[in-house]
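Right, one structure below, let's go through it.
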């Protein structure tokens, strides 16, 4: 019999975010077979709505099952034109609207909000100087970011990121929730 | 990497072109849309290049029923060996009769000819592009298959070997798999019924066998190891050993054909991932998700996706499964469709698709590309 039990749920907008998050988690030492990815099953451009709609239920599921399973919930949503704080509020509001308590510090729920979007972090990892206003080009193959992520993770681990975009700094703080 | 396939006058494929620009590509479509026909013709080309006769491979019923042409044409573009190969094959059918022959077969490398085989006469070109000899050739078979490898035709030999060894076209059917093998076989057959013989060949490389075993220990509760057990002089059976925590290290061996259909398919799927470290392979997988437990599809798929993304392999997958559709379709999905007695046509998934419903749900409702 097979024995897979997912313990790390990645909730994200699209395949690029999924590859980025999954590769980072594997580089951090998470078992790839324990990872379950839930990206928008809809077409392109519908990703942030999918994350906002799915978030409260995934938090509910996390809370109801984390007593029995060592669960982690990893959420990615692009900031797009919003600030980091505004995007976080969007997620928090979905919890309030669903009658759920806000995220607690001890809960292993990490929310990553790249600004403007995941490509900013990817291009930063590729040693480019980035800002959070420009829109950086998408990679033709999502996996092309992978060779750079181990180095990014190593820099995160050792707290030696050089001039990272502010949203990535927030991301480092979120990472501590699940490590 | 297989970059382009052009097929004309084969079943539902008429003037059909599939350009592949991603390391992993998902082919979707209703039953009868013509998806598997693409793999079928690739298998026929592969068999021809391995030396089988035209008469053994191509059937009169292969020709598109509503066409009058007696020529079946295939073109392939394959990047590899630091360049781009273009291969053209045309099979000619005799009217009324059942005889077939190679009408022409041509191969180029970086737009420079390597072979022009036409009407039974083969014009050869050396690797240095100089004009080589002209031979009369038996047009009941491929000239490429018949040519021995030499020092001045390494480019042609690479193409032949790549198509034979590194193009794997599989529709796994666990029903006909046996648990025994008489000898190791380097090629996995199209239905994977010779898996035990193939694994016997694979396991000659201990590092590779170890890696596959390690992967399977992650996948299956209690999976311990494979073991070949000799029966008589030439037959050996593959046993798969499992242990349980209660029994300590004691394992029980099951013949491979005693395992469930799903277990056998998963073992093959992970064995396929295991060989990808040996070179660049193109995997054409027809519904690999069949028989596989829902919880096991995504871990295997993401492993394959990663290997393809790292440039270690190419995968062309046919699937109806929502897990694959929702993971891949919006980025690398291609929709095939056709009307009754009409040719297969390709539609890319447009940006507008799936704004309101998951792509798998659009497929389930028959609304895709409406």
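The values are calculated or read from the model by the stated rules, or taken from the named source; none is laboratory data. Computed from a predicted structure; not experimentally measured. In this analysis, Cβ positions are derived from the backbone assuming ideal geometry, glycine residues included, and neighbour counts consider all displayed protein chains.
Residue B:289 meets all of the listed conditions (1) crowded, with 20+ Cβ neighbours inside 10 Å; (2) modelled with pLDDT under 95; (3) part of a loop (DSSP other than H, G, I, E, B) but one, namely (2). Checking each residue in the stretch B:163-218 for being within 14 Å of chain A (Cβ to nearest Cβ), in contact with a strand residue (DSSP E or B) (Cβ under 6 Å, 6 or more places away or on another chain) and either surrounded by 17 or more Cβ atoms within 10 Å (Cβ to Cβ) or not in a helix (DSSP H, G or I) (or both) picks out only B:216. Restricting attention to the stretch B:63-103, the residues that are in contact (Cβ under 8 Å) with a residue 60 or more places away in the chain, under 20 Å from residue B:40 (Cβ atoms) and part of a strand (DSSP E or B) total 9. Selection of first residues in the stretch B:281-299 that are closer than 17 Å to residue A:7 by Cα and of second residues that are assigned to a strand (DSSP E or B), restricted to Cβ pairs under 6 Å at least 6 apart or on distinct chains, gives the following pairs, ordered by first then second residue: B:296/A:2. Look at (1) within 13 Å of chain A (Cβ to nearest Cβ); (2) over 26 Å from residue B:187 (Cβ atoms); (3) free of Cβ contacts under 8 Å to residues at least 24 places away in the same chain and you find that residue B:259 fails only one, number (2). Within the stretch B:302-314, the residues that satisfy the criterion of being more than 10 Å from chain A (Cβ to nearest Cβ) and under 18 Å from residue B:325 (Cα atoms) are B:304, B:314.
Scanning the stretch A:133-164 for residues that are over 22 Å from residue A:10 (Cα atoms) and touching a helix residue (DSSP H, G or I) at 6+ places or on another chain (Cβ under 6 Å) yields A:136, A:161.
Of all the residues in the stretch B:102-130, those that are in contact with a helix residue (DSSP H, G or I) (Cβ under 8 Å, 6 or more places away or on another chain) and surrounded by fewer than 20 Cβ atoms within 10 Å (Cβ to Cβ) number 1.
The set of residues in the stretch B:16-30 that are at pLDDT 95 or above and assigned to a loop (DSSP other than H, G, I, E, B) comprises B:20, B:23.
Is it true that residue A:89 is farther than 30 Å from residue B:267 by Cβ, at pLDDT 95 or above and either buried (at least 18 other Cβ atoms within 10 Å of the Cβ) or more than 9 Å from chain B (Cβ to nearest Cβ) (or both)? Walk me through it before giving the result.
On the way: farther than 30 Å from residue B:267 by Cβ: yes; at pLDDT 95 or above: yes; either buried (at least 18 other Cβ atoms within 10 Å of the Cβ) or more than 9 Å from chain B (Cβ to nearest Cβ) (or both): yes.
Judged against the criteria, residue A:89 is a match.
Taking (1) within 8 Å of chain A (Cβ to nearest Cβ); (2) in contact with a strand residue (DSSP E or B) (Cβ under 7 Å, 6 or more places away or on another chain); (3) farther than 20 Å from residue A:38 by Cβ in turn, residue B:298 satisfies each apart from (3). When the criteria are applied in full, residue A:61 fails the requirement of being buried (at least 23 other Cβ atoms within 10 Å of the Cβ), out of contact with any helix residue (DSSP H, G or I) (no Cβ under 7 Å at 6 or more places or on another chain) and away from chain B (no Cβ under 12 Å). Just one of the listed residues (A:115, A:146) is in a loop (DSSP other than H, G, I, E, B), within 18 Å of the chain's Cα centre (by Cα) and either within 22 Å of residue A:47 (Cα to Cα) or at pLDDT 95 or above (or both), namely A:115.
In this structure, residue A:48 does not qualify as within 12 Å of another protein chain (Cβ to nearest Cβ) and either crowded, with 18+ Cβ neighbours inside 10 Å or modelled with pLDDT of 95 or more (or both).
Listed here are the residues, each with its yes/no results for (1) closer than 19 Å to residue A:116 by Cα; (2) free of Cβ contacts under 8 Å to residues at least 60 places away in the same chain; (3) surrounded by fewer than 18 Cβ atoms within 10 Å (Cβ to Cβ).
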{"position": "A:135", "(1), (2), (3)": "yes, yes, yes"}
{"position": "A:143", "(1), (2), (3)": "no, no, no"}
{"position": "A:148", "(1), (2), (3)": "no, yes, yes"}
{"position": "A:151", "(1), (2), (3)": "no, yes, yes"}
{"position": "A:155", "(1), (2), (3)": "no, yes, yes"}
{"position": "A:160", "(1), (2), (3)": "no, yes, yes"}
{"position": "A:165", "(1), (2), (3)": "yes, yes, no"}
{"position": "A:170", "(1), (2), (3)": "yes, no, no"}
{"position": "A:173", "(1), (2), (3)": "yes, yes, yes"}
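Please verify whether residue A:72 is within 13 Å of chain B (Cβ to nearest Cβ) and surrounded by 15 or more Cβ atoms within 10 Å (Cβ to Cβ), treating the condition exactly as stated. Here the answer is no, as residue A:72 does not meet what is asked. The set of residues from the stretch B:318-370 being on the phi > 0 side of the Ramachandran plot, within 12 Å of chain A (Cβ to nearest Cβ) and surrounded by fewer than 19 Cβ atoms within 10 Å (Cβ to Cβ) comprises just one member, B:369. Restricting attention to the stretch A:1-41, the residues that are assigned to a helix (DSSP H, G or I), within 8 Å of chain B (Cβ to nearest Cβ) and either at pLDDT below 90 or touching a helix residue (DSSP H, G or I) at 6+ places or on another chain (Cβ under 6 Å) (or both) add up to 5.
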